[in-house]
Amino acid sequence: MKETEVAHALMDAYPDMPVLRPAIDRSSPFDFESDVYLVEIKVRRKAYDPWVIEVMKIDTNIGIAESVKKQFIYVTVYKDTIYVWNITKMKRDDYDFGIEKRGMPHTTDFGGRGMITKLVGYLWNKDALEIDISKK
């Protein structure tokens, strides 16, 4: 599944959601935006619980979202399940991301070479809004 398909699945699941438009800049820290949300989408080949999110991704997108009066939504997808976290609300509610330093692949895709230490947090499936797209 591609990020654009995920964006359409989100809009299908929530008809009241404002239209998600691709980010204008390819180097943007988020993938889609609407009048209300900034949305980062990660499509994965393996399921996790918890999912890892870089603290830099949280901080950067929260900063941008606050400056334009929007909320930051983080989405992961594995097979027929979309997991959605409203990071803005979670931060406001003092969610415990369990932040720690962790050795991670240098590149975004886990096939990259070389490891570096990154500051990461964790997102649990139980705290996500789950969307089953198997019936689509």
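When you look at Arg21, is it within 14 Å of the chain's Cα centre (by Cα), surrounded by fewer than 16 Cβ atoms within 10 Å (Cβ to Cβ) and either of a type in the set (D, E, K, R) or at pLDDT 95 or above (or both), yes or no? For Arg21, the condition - within 14 Å of the chain's Cα centre (by Cα), surrounded by fewer than 16 Cβ atoms within 10 Å (Cβ to Cβ) and either of a type in the set (D, E, K, R) or at pLDDT 95 or above (or both) - is not met.
For residues that are within 29 Å of Lys70 (Cβ to Cβ) and at pLDDT below 95, tally how many sit in segment 92-109.
Going residue by residue through segment 92-109, those that are within 29 Å of Lys70 (Cβ to Cβ) are 92-100, 102, 104, 107-109.
Pick out the ones that are also at pLDDT below 95 and you get 102, 104, 107-109.
Number satisfying all stated conditions: 5.
Against the condition basic (Lys, Arg) and surrounded by 16 or more Cβ atoms within 10 Å (Cβ to Cβ), how does Lys2 come out, does it pass? Criteria not met by Lys2.
Counting just the residues of segment 5-18 that are touching a residue at least 24 places away in the same chain (Cβ under 8 Å) and over 15 Å from the mean Cα position of the chain (by Cα), which one comes out surrounded by the fewest Cβ atoms within 10 Å (Cβ to Cβ)? Spell out how you get there, then give the answer.
Residues of segment 5-18 that are touching a residue at least 24 places away in the same chain (Cβ under 8 Å), as a first pass: 6-7, 9-10, 12-13.
Now narrow it down to the ones that are over 15 Å from the mean Cα position of the chain (by Cα): 12-13.
Details: Asp12: 12, Ala13: 15.
Here the answer is Asp12.
Can you find even one residue in segment 20-34 that is without any contact (Cβ under 8 Å) to a residue 24 or more places away in the chain and assigned to a strand (DSSP E or B)? Among the residues of segment 20-34, at least one is without any contact (Cβ under 8 Å) to a residue 24 or more places away in the chain and assigned to a strand (DSSP E or B), which makes the answer yes. Of the strands (runs of 3 or more DSSP E) lying entirely inside segment 44-136, those containing at least 3 residues that are open to solvent by less than 40 Å² (accessible area, probe 1.4 Å) and among the aliphatic types (A, V, I, L, M) are 71-78.
You will find that of Lys46, Lys70, the residue that is in contact with a helix residue (DSSP H, G or I) (Cβ under 9 Å, 6 or more places away or on another chain), in contact (Cβ under 8 Å) with a residue 24 or more places away in the chain and at negative phi is Lys70 and no other.
Taken across segment 114-127, residues that are touching a helix residue (DSSP H, G or I) at 6+ places or on another chain (Cβ under 9 Å), of a type in the set (Asp, Glu), under 25 Å from Met11 (Cβ atoms) and touching a residue at least 40 places away in the same chain (Cβ under 8 Å) do occur, with at least one present.
The values are calculated or read from the model by the stated rules, or taken from the named source; none is laboratory data. This one's a predicted model, so the numbers in the text were calculated from it and none came from an experiment. With ideal geometry, Cβ positions are generated from the backbone for all residues, glycine too; neighbour counts draw on all protein chains shown. Areas reflect the complete protein model, heavy atoms only, side chains present, ligands, DNA and RNA absent. Shrake-Rupley method; radii C 1.70, N 1.55, O 1.52, S 1.80 Å.
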